[in-house]
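The values are calculated or read from the model by the stated rules, or taken from the named source; none is laboratory data. Remember, predicted model here, so these are calculated numbers, not experimental data. Neighbour counts run over all protein chains shown; Cβ positions are idealised from the backbone, glycine included.
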Amino acid sequence: MNSDLSQTQVYYQLLDLEADEKKAYLDDLQLKNPSLYAEVLPLVEAENSPHLTELLNFNICNTSLIEQSFLSQQIDKYLITHELGRGGMGVVYSACRADKRFEQKLAIKFLHRNLAYIFDEGALFAEAQLLARLSHPNIAKVFDGGVHDQQVYIVMEQVEGISLAELYSQKILSFEEKLQLFIQICSGIEHTHSHSIIHGDLKPENILVDDNGHAKLIDFNLTQSFDYTKNPILAFSHIYASPEQKAGLSLSPSSDIYSLGKLLRWLFPDVSSNSDIHYICKKATQHDSNKRYSTAAQLRLDIECMRLNLPISLRKKELTYAAKRLFKRHPISSSLAMILMLSASIFSSVLIGKNQQLVHEKRVAENLIYEVTSMMFDAKSQEAQSLPVSVVLDLTRRRILSNPEIPKHIKQKMLLAMMTPSERTTDK
C-alpha cells in the first residue's frame, strides 16, 4: 500500500473492491496509517449507511401530506390548477396566468418547507434564480420564482411528455433514437456548464421527453453549491452519482460527465466490450475525475462520430478500426477502391514477372551470341582448321551444353541445328 495516497485516492481505490477485500484493505490501513484511516472511515460509513437524503425524503414526503395545498389558489400572477407530481425536493403543480393575457401552460415547483429550515431561504431562491439564466431547447425553461408562505417556488415551462425512465419502459427505442436523445441531453449539459451551473442529479427520472421526441432536463440539484460539511445532505441518485459526490466533496462539471456515462450505460446495457459505447462509457465514468472527458462537448462529439461511423477520439490510432469505419461510411466507394488496389497489385505483379522474363531472355540471347561468336573465331584458328568439322561441332556442342544460362529447350534446338547430314540420317 502506498503511504503517500490522499484520503480521496484511498476512497476511490476502495470503490473498486469487494466487501471482503475492502475490509482487509481497511484493516491494513488502520495498522500502517491510523491518521489516514480515521479520515477515510467516515466516507466508507457514509457509503454503507442510508444517506440522509433518503431519510429526509421520507420525512418530507410524509410532511407534505399535511402541508398546505395550493390547489385553486392564486400565487402572485399564477393560478394553480392541479398537481402534476411530487418528489423529495417538493411538489409540482400545473398553473396558468391568472390575468388571462397569455395562454401558457406552466409548472410551478414548491420546495418543501423543511429545506428552508436546513438551508437559508434566500440562498435557495438565489440558486433557483441561476436557472433562469439558462435558455436551451433541451432544458425546461425557468420563467420566474419567488417565496410564498415561507416556501420557495419556481415557475417553469410545462413539458407535455413523460420521463425518459417511463419512455424506456413503455417503448422499445431504436439505436438511433437512443443516440439522438443522448446527444440532446449532452447538449443541454454543455449549456448549463457554459453558465457555470451543474445539474448535480442527472438520472432518467429527471429527463422529460416531449411528444416530438425532444429531451428536456429538469430538477436541477439546488443544494449543489452548499457546504456539505455544514449541511450533510447528499441530494443525488446513488446509481448515477460520481464518486466525489458520494464522498460529499465539492462538485464540478466532471460530476455531470460521470452521470452522463452512467446514463449512456443504462441506455445501452448489452454492448460488447469492443464497441465504441463501451469505450465512451469507460472514459466518462473513470473514478479519477481527471481521467474523464474534459467537457460534455467532447463526450457528445464522440457519440456523434460513432453515429456517423467516424472514428471516435479514443480509438483513432487503431488502423483496422479506422478502416472498418471508412468501409461502413462509404461501402460502395470503399469496395471499388479495394478492387482497384487489388487489380493494380495483380497488374504490377504481372509487369514485374514480364520484366524479369525479358531480362532473362536478353541474358540468354547474349550468351547465344557469345557462344556462336566464339565458335566462329575458334574455327578460324590454325589449330581448329586442322581439326575435322565433326570434332569442332562436338566441341561447340559441349560448350553449349555446359552453359547454365541457356535454357534447355534452346539447347535442344541449337544441337539439332548443328547436326551434320550424316548424323541426321543416322538419327532417322
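Rundown of residues vs (1) over 18 Å from Leu222 (Cβ atoms); (2) in a loop (DSSP other than H, G, I, E, B); (3) at pLDDT below 80; (4) of a type in the set (Gly, Ala, Ser), yes/no style:
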| residue | (1), (2), (3), (4) |
| --- | --- |
| Leu71 | yes, yes, no, no |
| Gly88 | no, yes, yes, yes |
| Val91 | no, no, no, no |
| Cys96 | yes, no, no, no |
| Filtering the stretch 179-199 down to residues that are β-branched (Val, Ile, Thr) and assigned to a helix (DSSP H, G or I), which residue is farthest from Gln158 (Cα to Cα)? | Ile183
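So which of Leu134, Leu202, Leu173 is touching a Ser or Thr at 6+ places or on another chain (Cβ under 9 Å), part of a loop (DSSP other than H, G, I, E, B) and in the same structural domain as Trp266 (by the TED database)?
Numbers: Leu134 fails: in the same structural domain as Trp266 (by the TED database); Leu173 fails: touching a Ser or Thr at 6+ places or on another chain (Cβ under 9 Å).
Answer to the selection: Leu202.
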| request: Name the single residue, out of those in the stretch 146-157 being closer than 13 Å to Lys109 by Cα and surrounded by fewer than 19 Cβ atoms within 10 Å (Cβ to Cβ), that is modelled with the highest pLDDT. | output: Glu157
| request: Could you list, in sequence order, all residues of the stretch 171-191 that are at pLDDT 95 or above and among the hydroxyl-bearing types (Ser, Thr, Tyr)? | output: Ser187
| Evaluation of Leu124 against (1) over 27 Å from Tyr258 (Cα atoms); (2) among the aliphatic types (A, V, I, L, M); (3) modelled with pLDDT under 90 (one fails), failing number | (1)
| said: Can you find a residue that is surrounded by 18 or more Cβ atoms within 10 Å (Cβ to Cβ), assigned to a loop (DSSP other than H, G, I, E, B) and either in contact with a Pro (Cβ under 8 Å, 6 or more places away or on another chain) or among the hydroxyl-bearing types (Ser, Thr, Tyr) (or both) anywhere in the stretch 212-224? | reply: yes
| query | In the stretch 305-321, which residues are surrounded by fewer than 14 Cβ atoms within 10 Å (Cβ to Cβ) and assigned to a helix (DSSP H, G or I)? | reply | Leu319, Thr320
| message | Take the conditions over 12 Å from Ile108 (Cα atoms), in a helix (DSSP H, G or I) and at pLDDT below 85 and apply them to Pro42. Does it pass? | response | yes
| task | Look through the stretch 280-304, keep the residues that are surrounded by fewer than 17 Cβ atoms within 10 Å (Cβ to Cβ) and small (Gly, Ala, Ser), and return whichever of them is farthest from Glu244 (Cα to Cα). | result | Ala297
